[in-house]
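Working notes, beginning with the structure itself.
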6 protein chains.
Amino acid sequence: MIYITRRERFNAAHRLFIPEFSDEKNLQIFGKCSNPNWHGHNYELFVMVKGEVDKKTGFLVNLKALSKIIKHEIIDKTDHKNINIEVDFMKGIMASTENLAIGIWHQLEKPIRELGVELYGIKVYESENNFVEYFGTGR
Amino acid sequence: MIYITRRERFNAAHRLFIPEFSDEKNLQIFGKCSNPNWHGHNYELFVMVKGEVDKKTGFLVNLKALSKIIKHEIIDKTDHKNINIEVDFMKGIMASTENLAIGIWHQLEKPIRELGVELYGIKVYESENNFVEYFGTGR
Amino acid sequence: MIYITRRERFNAAHRLFIPEFSDEKNLQIFGKCSNPNWHGHNYELFVMVKGEVDKKTGFLVNLKALSKIIKHEIIDKTDHKNINIEVDFMKGIMASTENLAIGIWHQLEKPIRELGVELYGIKVYESENNFVEYFGTGR
Amino acid sequence: MIYITRRERFNAAHRLFIPEFSDEKNLQIFGKCSNPNWHGHNYELFVMVKGEVDKKTGFLVNLKALSKIIKHEIIDKTDHKNINIEVDFMKGIMASTENLAIGIWHQLEKPIRELGVELYGIKVYESENNFVEYFGTGR
Amino acid sequence: MIYITRRERFNAAHRLFIPEFSDEKNLQIFGKCSNPNWHGHNYELFVMVKGEVDKKTGFLVNLKALSKIIKHEIIDKTDHKNINIEVDFMKGIMASTENLAIGIWHQLEKPIRELGVELYGIKVYESENNFVEYFGTGR
Amino acid sequence: MIYITRRERFNAAHRLFIPEFSDEKNLQIFGKCSNPNWHGHNYELFVMVKGEVDKKTGFLVNLKALSKIIKHEIIDKTDHKNINIEVDFMKGIMASTENLAIGIWHQLEKPIRELGVELYGIKVYESENNFVEYFGTGR
């Protein structure tokens with residue numbers, strides 16, 4: 001069993017808030033992350049896959065194919081977008097980094113399996129000081 | 001003459017667009033940076049000052065005092081904010097990284113001179129691949 | 001189950017030595033890390049916690065609260081300090097990075113549980129080339 | 001149980017290709033990584049070991065001794081070398097990062113055990129966007 | 001006057017040697033960098049341009065256009081290539097990082113001027129510990 | 001004219017204080033940097049040299065020779081040392097990063113000239129947020 005990780009990046013706006021609460025109450029709970037005029041981040045995404053090395057090619061997976069899937073399923077939908085308003089797989093879900101990591105997992109799990117490898121983990125950096133990891137039911 | 005640089009960071013939303021143009025025309029000119037729903041960045045700001053070392057303290061400048069000025073004049077106004085809507089020193093100015101660097105220079109020049117040192121340069125990273133530098137009339 | 005990691009930093013002096021041995025013998029065992037006049041590092045600390053995402057807030061844990069605990073329990077006690085002399089939770093313990101990671105774990109385990117999440121791991125960088133990880137009885 | 005990771009680096013040339021295939025066919029499979037005139041990388045290697053902390057020294061392992069083993073077994077053999085032609089433990093093996101990580105594992109497993117600790121994992125960065133991890137039969 | 005820097009990357013093989021010297025003599029002069037079987041690097045390239053900000057767009061230069069020029073003139077010619085054998089603008093020139101920086105400058109100077117801005121400097125990282133800067137007749 | 005920069009690193013203890021002042025007064029002026037029990041840093045040193053490229057070798061300077069000088073003149077004297085007590089070229093000088101950069105300049109200027117190139121600048125990082133640059137009478 002071997003693990004490969006591919007890094008991709010996207011820049012997006014978001015806001016943390018509970019729609020049925022007032023702006024004041026949201027500011028109490030989420031602080032400046034709840035600014036109604038939005039703020040944003042350079043997100044760094046690490047997609048970890050696992051499987052067996054192919055004897056012939058020496059590859060676990062063709063990284064170009066993996067990168068293409070991540071671009072199609074995630075980066076095209078999130079880069080230079082507003083996560084709360086424009087990202088289909090985050091519709092109706094609080095735009096926290098935790099939920100973003102889980103949403104990305106569910107978005108990638110199937111197409112990565114169709115590549116012949118297994119999704120192992122998702123890691124999302126919101127800033128140099130904070131990151132979230134999600135491993136589905138694994139680890 | 002010695003130079004000290006202090007790094008600070010802020011996360012903000014912005015959009016590139018010319019208000020008198022349609023969204024379509026703005027998208028033609030600015031691409032995805034013109035998304036009407038905003039996007040955002042983790043900006044890294046480097047403030048470079050210069051002057052002579054104080055014989056007694058061995059300091060060019062007290063870095064805590066310098067950091068306090070940057071926080072008060074820039075970070076408090078930009079962090080978790082929308083640059084187009086909420087940043088007073090960017091009002092009516094295209095929210096490009098170029099203009100942001102120039103705006104930050106004008107915001108900091110005077111208070112840094114009052115600290116007894118001279119502002120030498122402003123460097124703003126928008127992403128790991130792009131940064132802007134501004135040196136006023138110097139360099 | 002989701003994992004969040006928070007990075008904090010502290011700068012400290014330390015020395016590796018066994019008190020009942022002579023300086024010469026300590027230098028034999030620990031090399032230059034045993035310099036009786038101390039040396040120091042910019043330590044980077046990564047605190048990994050795990051738990052379930054709160055449906056309402058989309059959060060595993062409030063990162064401000066987590067950061068506050070780390071600052072109170074670790075950074076205030078270690079930053080700009082001498083680890084051998086001044087850090088209460090390292091009293092009588094060899095000031096190696098291994099022991100530092102274990103000491104930080106025991107310091108943080110309870111207050112982090114009181115936040116409603118579980119401490120998963122501690123990672124301490126002593127330099128860009130060396131780091132230590134401790135997971136308690138887990139992993 | 002505690003984990004220590006040591007980072008070392010090597011710069012090497014390599015080429016991905018299946019010898020019994022033509023250059024054209026190899027280019028179809030491996031793209032520009034199959035350039036017959038070679039290309040190269042700054043590889044970053046992370047060697048993770050685990051074990052118990054020695055009560056007397058506070059060490060899991062003497063990092064100088066660990067670094068010496070890595071230099072002798074890996075860096076001296078790979079740095080400023082051609083992986084396909086000159087690296088003994090990669091002879092007859094496709095020079096992919098996957099196989100490199102596995103080869104390094106087998107090269108280091110025994111000498112690290114003789115140091116009194118256990119090899120836990122090998123991590124090899126080929127670029128800032130791609131890395132491979134191998135944990136033997138563990139994890 | 002404002003400065004923008006764009007980072008691009010390429011992975012390449014090279015060898016330092018004087019063709020009329022024997023391999024032994026080249027090894028004496030250049031050490032392991034003269035390995036006849038080649039070695040390679042992940043090169044990081046920073047292209048610095050300068051000029052005046054356009055009042056209308058807030059831009060010094062369209063970064064997509066700048067990036068396109070760098071890709072066409074440099075990256076397409078160097079990435080996954082052998083610098084000694086395959087890079088047209090390095091033909092007959094010692095493949096040192098110094099000469100690479102100068103070669104890249106001459107390659108980019110004219111097309112960047114045609115974009116309406118001026119090339120200010122070229123910075124090439126060969127490794128995390130070494131980089132070369134070239135400013136033409138400027139600075 | 002071309003510029004090459006070499007990075008080296010050292011870990012050291014230091015303390016900011018004016019000997020004729022009490023600990024209390026020093027704490028007022030220098031804050032926690034004045035801790036009488038010392039603290040420390042992982043310093044990063046960048047040595048920038050300039051000159052003309054040698055037509056024959058394609059080199060500005062042999063980087064091994066440059067690195068050897070920096071190790072002999074600076075790293076051997078500072079690494080795992082106490083800057084206030086043990087570093088000869090800092091004797092009687094406030095151990096600020098400003099003075100450290102100036103001291104390193106004077107230490108390196110002559111031996112680098114004897115290599116046939118000119119010292120252009122010294123850059124010292126004390127932490128990821130602060131660095132000092134010194135260019136002698138140049139720039």
Quiz prompt | Flag for F:TYR43 being assigned to a strand (DSSP E or B), touching an Asp or Glu at 6+ places or on another chain (Cβ under 6 Å) and not polar (S, T, N, Q) | solution = no
Quiz item: under 24 Å from D:VAL53 (Cα atoms) and touching a Pro at 6+ places or on another chain (Cβ under 7 Å): does that describe C:GLU73?
Solution: yes
Practice problem: Considering only segment E:1-51, state which residues are open to solvent by less than 10 Å² (accessible area, probe 1.4 Å), under 15 Å from E:HIS80 (Cα atoms) and in contact with a helix residue (DSSP H, G or I) (Cβ under 8 Å, 6 or more places away or on another chain). | Solution: E:PHE10, E:ALA12, E:ALA13, E:HIS14, E:HIS39, E:TYR43, E:LEU45
Quiz prompt | Subset of segment C:58-101 [touching a residue at least 60 places away in the same chain (Cβ under 8 Å), open to solvent by less than 30 Å² (accessible area, probe 1.4 Å) and assigned to a helix (DSSP H, G or I)] | solution = C:LEU66, C:SER67, C:ILE70, C:ILE74, C:ILE75, C:THR78, C:ILE83
Exercise. Filter segment F:124-139 for residues that are open to solvent by 20 Å² or more (accessible area, probe 1.4 Å), more than 7 Å from every other protein chain (Cβ to nearest Cβ) and assigned to a strand (DSSP E or B) and give the result.
Key: F:TYR125, F:GLU126
Practice problem: Consider C:GLU44 carefully, then state whether it is in contact with a strand residue (DSSP E or B) (Cβ under 7 Å, 6 or more places away or on another chain) and acidic (Asp, Glu). | Solution: yes
Quiz item: Can you name the number of the only condition in (1) in contact with a Ser or Thr (Cβ under 8 Å, 6 or more places away or on another chain); (2) among the polar types (S, T, N, Q); (3) more than 21 Å from F:ASN129 (Cβ to Cβ) that C:ASN42 fails?
Solution: (3)
Quiz item: Pairs under 7 Å by beta carbon, first residue more than 8 Å from chain D (Cβ to nearest Cβ) in segment E:24-37, partner among the aliphatic types (A, V, I, L, M), six or more apart or different chains?
Solution: E:ASN26/E:ILE18; E:PHE30/E:LEU16; E:SER34/E:LEU16; E:SER34/E:LEU27
Quiz item: When you look at B:ILE74, is it among the hydrophobic types (A, V, I, L, M, F, W, C) and away from every other protein chain (no Cβ under 11 Å), yes or no?
Solution: yes
Quiz item: In this structure, does A:ASP54 turn out to be of a type in the set (D, E, K, R), assigned to a helix (DSSP H, G or I) and at pLDDT 95 or above?
Solution: no
Practice problem: Please enumerate the residues belonging to segment A:102-123 that are in a strand (DSSP E or B) and buried (at least 22 other Cβ atoms within 10 Å of the Cβ). | Solution: A:LEU119, A:ILE122
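The values are calculated or read from the model by the stated rules, or taken from the named source; none is laboratory data. Keep in mind it's a predicted model, so treat the numbers as computed, not measured. Counting neighbours? That spans all protein chains shown, and the Cβs are built from the backbone with ideal geometry, glycine included. Just the protein is used for accessible areas: all its heavy atoms, side chains included, with ligands, DNA and RNA removed. Shrake-Rupley method; radii C 1.70, N 1.55, O 1.52, S 1.80 Å.
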